[in-house]
Amino acid sequence: MTQQDIARMTGVSQATVSLVLNGRAEADVRIAAETRERVLAAIRATGYVADPIARRLADRHNRILGVFTSEPVFPSGTGDFYHPFLLGIEQCAEHLGCDLLLLTSAPVVDGRRRLFHQDNRLRLADGAILLGRQLDATELARLLADGLPFVSVGRRDDAGGPVPSVGADYPAATAALVRRAVEAGHRRLCYLGQGGGPESHADRMRGFRDAVAAADVDWHHAPADGRGADELLDAITATCATAVFVEEYADGVALAAQARHRGLDIPGDLSILALGDPTRPARTDLDLTGFRIPRQQMGWQAVEVLTELLGGAPAGPVRRLLPCEEVPGATLAPPTGRNPAQ
């Protein structure tokens, strides 16, 4: 079945069929509603499907969106963390009638996949969704310079220009947790984690610093640096901190287990607050106080922003920050007054 066949069946020109198929009958050209409906009825009755190459030549888009991940997202250790992002991407693409192309041929250099390489197939897609904890700033700058449409899942620093992105509002979520701890009576806080490097870590630390400065409380930074839970607990208790904010959920789980092993009460002797969801497996019977990242919504809105960029007229901002969901949990309580180091 071809457009010419549809045209003969309905008594119109092939150009009219093409205009109706491309959704331009109402916007650009006056076509009688009766004629338009007759063409659409014939399309439905015959099951006509437009040739994708012809459609691409007609509207310059093939409705294929690339998905590039800077690190593996399917291994068992991180699958649960990335699954909601991918689910949101898939659901929105299906809703908009787009297909997804997973760009997996990128070589790994220094532990991360590289988007630009000799055989890169980025231009097979209309644009790309970029996903990963850390993206190469040089490659982001090249994407911007080349005018290739893309959106990052996660806020990114400028790379020769603003990077289109949909991220989580980590500063606001972290600051809200600090205020909760201070309101519960904690005056000595500790931040456990990198506090820098990837934008998501730097944003958490920025929110933490701003909140403790506003509350005028003491705080310390304890970088994880690959140390075990026993050594980390020693470093934290040495500061006399009564509440610790963990960048990685799994570190909080390990810390709680070690503290309990030493006879400390969680949360009485040490409150533990998690700054996000687990990025690696972490089994515990504790309900950690903290916040959840809007991962599925971030994936969905990244596709929305990309399709708006492809349309040439974004309906809203191309850099979005979504609020995180508070988790009341059971690991924040007023301090008992006992020094955890004793």
*What is the number of the single condition among (1) free of Cβ contacts under 8 Å to residues at least 40 places away in the same chain; (2) open to solvent by 40 Å² or more (accessible area, probe 1.4 Å) that L143 does not meet?*
(2)
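Condition first: within 23 Å of V305 (Cβ to Cβ), outside any strand (DSSP E or B) and either open to solvent by less than 80 Å² (accessible area, probe 1.4 Å) or at pLDDT below 75 (or both). Can you find one or more residues in the range 44-57 that meet it? Reasoning before the result, please.
Start the filter on the range 44-57 by keeping residues that are within 23 Å of V305 (Cβ to Cβ), which leaves 55-56.
Adding the requirement that they be outside any strand (DSSP E or B) leaves 55-56.
Pick out the ones that are also either open to solvent by less than 80 Å² (accessible area, probe 1.4 Å) or at pLDDT below 75 (or both) and you get 55-56.
Scanning the range 44-57, I find at least one residue that is within 23 Å of V305 (Cβ to Cβ), outside any strand (DSSP E or B) and either open to solvent by less than 80 Å² (accessible area, probe 1.4 Å) or at pLDDT below 75 (or both), so the answer is yes.
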*Which condition does G252 not pass, out of (1) under 19 Å from F81 (Cβ atoms); (2) in contact with a Pro (Cβ under 8 Å, 6 or more places away or on another chain); (3) crowded, with 19+ Cβ neighbours inside 10 Å, if it passes all the others?*
(2)
_Selected residue [at negative phi, modelled with pLDDT under 95 and surrounded by 17 or more Cβ atoms within 10 Å (Cβ to Cβ)] from A175, A222_ = A222
*Pairs only if they're at least six apart or on different chains, beta carbon under 8 angstrom, first in the range 81-103 and more than 20 Å from G132 (Cβ to Cβ), second of a type in the set (A, V, I, L, M) and open to solvent by less than 20 Å² (accessible area, probe 1.4 Å); list them, first residue then second.*
L96/V303; C98/L65; C98/V303; D99/L65; D99/A93
*Would you list the strands (runs of 3 or more DSSP E) that sit entirely within the range 243-342 and hold 1 or more residues that are among the aromatic types (F, W, Y) and either in contact (Cβ under 8 Å) with a residue 40 or more places away in the chain or over 27 Å from D218 (Cα atoms) (or both)?*
243-246, 289-292
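Taking the range 215-225 only, how many residues are hydrophobic (A, V, I, L, M, F, W, C) and free of Cβ contacts under 8 Å to residues at least 24 places away in the same chain? Write out each step before concluding.
Our first condition is that a residue be hydrophobic (A, V, I, L, M, F, W, C); within the range 215-225, this holds for 215, 217, 219, 222, 224.
With the extra rule that they be free of Cβ contacts under 8 Å to residues at least 24 places away in the same chain, the set shrinks to none.
Of the residues in that region, 0 qualify.
Could you pull out the residue among A125, A159, A137 that is surrounded by 13 or more Cβ atoms within 10 Å (Cβ to Cβ), at negative phi and in contact (Cβ under 8 Å) with a residue 40 or more places away in the chain? Outline the logic, then answer.
Numbers: A159 fails: in contact (Cβ under 8 Å) with a residue 40 or more places away in the chain; A137 fails: in contact (Cβ under 8 Å) with a residue 40 or more places away in the chain.
Step by step, each of A125, A159, A137 is checked, and only A125 is surrounded by 13 or more Cβ atoms within 10 Å (Cβ to Cβ), at negative phi and in contact (Cβ under 8 Å) with a residue 40 or more places away in the chain.
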*Taking A106, is it within 19 Å of T138 (Cβ to Cβ) and either at pLDDT 85 or above or open to solvent by less than 70 Å² (accessible area, probe 1.4 Å) (or both)?*
yes
*Close pairs from the range 174-202: first under 14 Å from L273 (Cα atoms), partner open to solvent by less than 40 Å² (accessible area, probe 1.4 Å) and among the acidic types (D, E), Cβ under 9 Å, at least 6 apart*: T174/D203; Y191/E247; L192/E247; L192/E248; L192/D251; G193/E247; G193/E248; G193/D251
*asked:* Checking R112 against (1) surrounded by 16 or more Cβ atoms within 10 Å (Cβ to Cβ); (2) in contact with a helix residue (DSSP H, G or I) (Cβ under 7 Å, 6 or more places away or on another chain): exactly one of these is not met. Which one?
replied: (2)
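The values are calculated or read from the model by the stated rules, or taken from the named source; none is laboratory data. Predicted, not measured: the structure shown is a model, and the values here were computed from it. Every residue, glycine as well, gets a Cβ built from its backbone with ideal geometry; the counts of neighbours run over all protein chains shown. Just so you know, the surface numbers come from the protein's heavy atoms only, side chains and all, with ligands and any DNA or RNA stripped out. Shrake-Rupley method; radii C 1.70, N 1.55, O 1.52, S 1.80 Å.
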